[in-house]
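Peer 1: Below is a structure I'd like to ask you about.
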Amino acid sequence: RTCEGRNIRYRTCSNVDCPPEAGDFRAQQCSAHNDVKYQGQFYEWLPVPNDPDNPCSLKCQARGAALVVELAPKVLDGTRCYTESLDMCISGLCQIVGCDRQLGSAVKEDNCGVCNGDGSTCRLVRGQYKSQLSANKLDDTVVAIPYGSRQVRLVLKGPDHLYLETKTLQGVKSENSLSSTGSFLVDNSSIDFQKFPDKEILRISGPLTADFTIKIRYAGAADSSVQFIFYQPIVHRWRETDFFPCSASCGGGYQLTSAECFDLRSNRVVADQYCHYYPENIKPKPKLQECNLDPCPASDGYKQIMPYDLYHPLPRWESTPWTACSSSCGGGIQSRSVSCVEEDIQGHISPVEEWKCMYTPKMPVVQPCNIFDCPKWLAQEWSPCTVTCGQGLRYRVVLCIDHRGMHTGGCSPKTKPHIKEECIVPTPCYKPKEKLPVEAKLPWYKQAQELEEGAVVSEEPSFIPEAWSTCSVTCGVGSQVRLVKCQVLLSFSQSVADLPIDECEGPKPVSQRACYSGPCSGEATEYTPEETELLYGSLQEFDELYDWEYEGFTECSESCGGGVQEAVVTCLNKQTRETADETLCVTNRRPPQLLKACSLDPCPPR
C-alpha cells in the first residue's frame with residue numbers, strides 16, 4: 001500500500017511486419033465467435049474497426065446483415081486501436097505507439113515512410129495531364145508511378161475514365177479497369193477509388209509494391225484533366241566505398257575512397273548517371289588518409305609498390321569517350337570502346353591482353369542515355385469569357401514543358417492545343433436587384449463587407465486566404481491585400497503542402513479590396529472618379545439599372561400672388577420603376593433644376 005505508481009509495466013514485442021497471409025488480428029478475434037450461438041443462431045462475424053467512442057472493444061458485424069454486436073468489452077492486448085495507426089489496445093485502453101514501435105513514443109514517419117526521417121529519401125512529384133483527343137487513339141498514359149511511391153492521389157475531371165497497369169519487380173504485368181467505387185488490393189497495394197458522374201478520385205497510401213502506370217480511356221468528345229501528386233522514392237543513391245589498398249607497402253603511402261551509384265531496389269551498383277538524375281543526390285568527395293607508415297626494412301631498403309600506385313600502375317581498363325546519344329529524349333543508347341592497356345616507367349601506354357585487367361570489372365560499353373521524357377504541351381486553365389453576357393472569347397496559356405517541369409522548346413507545333421475558343425455566357429446583361437446593396441450609402445457600400453468564414457485545409461485542393469492587411473491609409477479611401485494560397489492536407493503525415501494556383505477548383509477569392517477609414521479632417525466627403533470606381537467596382541451595372549427622372553413638383557411656395565414650384569428629381573430603378581437610393585445614381589449626371597410659376601391669382605384684400 002505504501003508503493004506509488006502502477007505495479008505492471010508494458011513493452012512492445014514481435015516488432016516485425018506480419019506477412020500478408022497472417023490476416024487481421026481483430027478479424028481473428030471476431031471469427032473466434034463463429035461457432036458460438038448468438039440469440040440462438042450462428043453468424044459469421046466480421047470486424048467493425050475505428051470505433052471513435054470505444055476503439056478497444058470487440059465490435060463485430062454479422063456477414064450479410066446489419067447486426068452489429070459488442071462480443072467482448074476488450075480486445076486482446078496488442079490489437080491496433082485504428083487500422084491506419086500503430087496505437088494499440090492494452091487492458092482495454094488505447095496507448096500511443098510511435099513509428100519506432102515503442103509505447104509512449106511520439107516519433108512519426110516522414111513523407112517518405114522513414115521513421116523519424118527528414119524527408120530526404122523521396123521527392124514530391126505533382127503535375128497535371130490534359131487529354132488530347134485523336135481519332136486513332138483510344139487511351140493515353142497519364143503518369144508512371146514507380147515502386148515504393150507513397151501518398152498517391154489523382155483527380156480526373158471530365159467524361160473519361162482512369163485505369164491501371166502494374167508491373168512487379170519480377171516482371172509480372174496486370175491491368176485493373178477501376179469500374180466501380182470501392183477499396184481493393186492491386187498487387188498487394190491497397191487502392192481507394194471513388195467514381196462520380198463527372199469526376200474520379202484515386203488514392204493509394206502506399207508504399208506501392210509494383211510499378212504503376214495510370215492511364216486514361218477516352219469516353220467523350222469533351223476534354224478531361226487529371227491532377228496528380230505523390231512522393232517518389234529516390235532509389236539510386238551514392239554509396240561511399242571502402243579505402244582502396246595503400247599505395248605503398250612501407251615507408252608511408254596513401255589510400256583513397258570513392259563513391260558508387262547504388263540501386264536500392266536491386267541492391268547492385270549501376271552507372272553514375274542514375275544518381276545524377278536526382279538533384280537531391282550530392283556525390284560525396286573522396287577521403288584521403290596516410291597508411292603503412294612503418295619504415296621499410298633496412299636489409300635492402302626496397303619499397304614495394306602496391307596496386308593503384310600513381311607511378312607504377314597495374315594494367316587498367318581505358319575507354320574512349322561516349323558517342324552521342326541516339327535520341328535527344330525519351331531514352332536512347334550511347335556506346336564506347338573499352339580496352340586493357342599498360343603503362344611503362346617512361347609513361348608509354350600500349351594495349352595488352354584483356355585477362356591482365358580482369359582483376360577489376362570491365363567497364364560497360366553500352367549505356368542508356370537521355371532517359372527523361374520528351375517535352376510535351378501543357379495547357380493551363382481557360383480564362384473567364386471576355387464578355388459578361390452573350391458570345392465572346394476565352395483564352396489559355398499553352399506551354400512546352402520538359403521533364404523537370406521547366407518551360408522549354410522542342411514540342412511539335414502540329415500537336416499544340418488551341419489557345420483561343422468561343423464562349424457563350426447564358427446570363428442576362430444585368431444583375432438582379434437583390435444582389436446590389438441598395439441600403440448602403442457611399443462610401444459605406446464597399447466598407448460594409450460580409451464576414452468571411454475561415455477556410456480550413458482539407459484533402460481536396462482548396463483556396464486558403466490569409467487575414468486582410470490593415471488599410472493602406474488612415475483616412476479616406478485605401479486598399480487592403482491578402483495572400484491566397486492553393487493548399488492540400490496530406491492525410492498520412494498531417495502536413496500541409498502548397499500547390500500551384502491552377503490545381504484548385506472554383507473561383508479564387510479576391511486578394512485586394514477597398515477600405516474606408518473615415519473622412520480626413522477638414523475635407524468634404526467627395527470622391528474622384530477613381531475612388532468611386534474603387535468603391536463601386538464596375539459602375540456600368542448601375543448605369544444600366546438606375547437613372548435620374550423627374551417625378552412631379554413640390555407644393556407652391558405661395559398660396560396666392562405668385563409663387564414657384566421646383567421639379568422633384570428621384571433616382572429610379574428602370575426595371576421595376578421603384579424609387580432607389582440616390583447613391584445608386586451618382587455616376588449619371590443629375591438633370592438641371594426646373595422651376596415653374598404657380599398661384600398667380602391675386603391675393604384677396606385683408
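The values are calculated or read from the model by the stated rules, or taken from the named source; none is laboratory data. These numbers come from a predicted model, not from an experiment. Here the Cβ positions follow ideal geometry from the backbone for every residue, glycine too, while neighbour counts run over all protein chains shown. The accessibility values were calculated without ligands, DNA or RNA, using every heavy atom of the protein model including side chains. Shrake-Rupley method; radii C 1.70, N 1.55, O 1.52, S 1.80 Å.
Peer 1: Which ones in segment 388-428 are more than 23 Å from Q132 (Cβ to Cβ), open to solvent by less than 50 Å² (accessible area, probe 1.4 Å) and outside any strand (DSSP E or B)?
Peer 2: C389
Residues checked against (1) of a type in the set (G, A, S); (2) touching a Pro at 6+ places or on another chain (Cβ under 9 Å):
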position	(1), (2)
S183	yes, no
F193	no, no
D198	no, yes
R203	no, no
D223	no, yes
F230	no, no
D242	no, no
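Peer 1: Any chance you could count how many residues in segment 81-118 are touching a Ser or Thr at 6+ places or on another chain (Cβ under 9 Å), among the small types (G, A, S) and on the phi > 0 side of the Ramachandran plot?
Peer 2: Adding up the residues that qualify gives 2.
Peer 1: Is it the case that S189 is under 27 Å from E21 (Cα atoms) and of a type in the set (S, T, Y)?
Peer 2: yes
Peer 1: Of all residues in segment 267-284, which are at pLDDT 80 or above and not acidic (D, E)?
Peer 2: N267, R268, V269, V270, A271, Q273, Y274, C275, H276, I282, K283, P284, listed by residue number.
Peer 1: For a quick check of your reading: which strands (runs of 3 or more DSSP E) sit entirely within segment 253-297 and have at least 3 residues that are open to solvent by 50 Å² or more (accessible area, probe 1.4 Å)? Lay out the reasoning, then the answer.
Peer 2: Numbers: elements: 253-256, 259-263, 268-270, 288-291.
Answer list for segment 253-297: 288-291.
Peer 1: For the subset of segment 200-210 comprising residues that are open to solvent by less than 50 Å² (accessible area, probe 1.4 Å) and assigned to a strand (DSSP E or B), which member is nearest to N111 (Cα to Cα)?
Peer 2: Narrowing segment 200-210 to residues open to solvent by less than 50 Å² (accessible area, probe 1.4 Å): 200-202, 204, 206, 208, 210.
From what's left, assigned to a strand (DSSP E or B): 200-202, 204.
On the way: E200: 24, I201: 21, L202: 18, I204: 13 Å.
Here the residue is I204.
Peer 1: Name the residues in segment 76-116 that are open to solvent by less than 80 Å² (accessible area, probe 1.4 Å), assigned to a strand (DSSP E or B) and not hydrophobic (A, V, I, L, M, F, W, C), would you?
Peer 2: Correct list: Q95, E109.
Peer 1: What about S177, is it under 18 Å from I229 (Cβ atoms) and of a type in the set (S, T, Y)?
Peer 2: no
Peer 1: In this structure, does P375 turn out to be outside the structural domain of S131 (by the TED database), more than 30 Å from F244 (Cβ to Cβ), in contact with an Asp or Glu (Cβ under 6 Å, 6 or more places away or on another chain) and not small (G, A, S)?
Peer 2: Judged against the criteria, P375 is a match.
Peer 1: Right, something else. State yes or no: is T532 open to solvent by less than 30 Å² (accessible area, probe 1.4 Å) and either modelled with pLDDT under 75 or in a loop (DSSP other than H, G, I, E, B) (or both)?
Peer 2: Yes.
Peer 1: Continuing with the same structure: Just give me the residues in segment 164-196 being in a strand (DSSP E or B) and in contact (Cβ under 8 Å) with a residue 40 or more places away in the chain, in sequence order.
Peer 2: Going through segment 164-196, the residues in a strand (DSSP E or B) turn out to be 164-167, 173-176, 182-186, 189-195.
Correct list: L164, E165, T166, K167.
Peer 1: Here's a follow-up. Being surrounded by 17 or more Cβ atoms within 10 Å (Cβ to Cβ), within 16 Å of P20 (Cβ to Cβ) and among the polar types (S, T, N, Q): is that true of T168 here?
Peer 2: It is false that T168 is surrounded by 17 or more Cβ atoms within 10 Å (Cβ to Cβ), within 16 Å of P20 (Cβ to Cβ) and among the polar types (S, T, N, Q).
Peer 1: Something else about it: Residues being modelled with pLDDT of 80 or more, open to solvent by less than 80 Å² (accessible area, probe 1.4 Å) and outside any strand (DSSP E or B): count how many of those fall in segment 310-353.
Peer 2: 11
Peer 1: Identify, by number, the condition in (1) under 26 Å from E505 (Cβ atoms); (2) touching a Phe, Trp or Tyr at 6+ places or on another chain (Cβ under 9 Å) that T415 doesn't meet.
Peer 2: (1)
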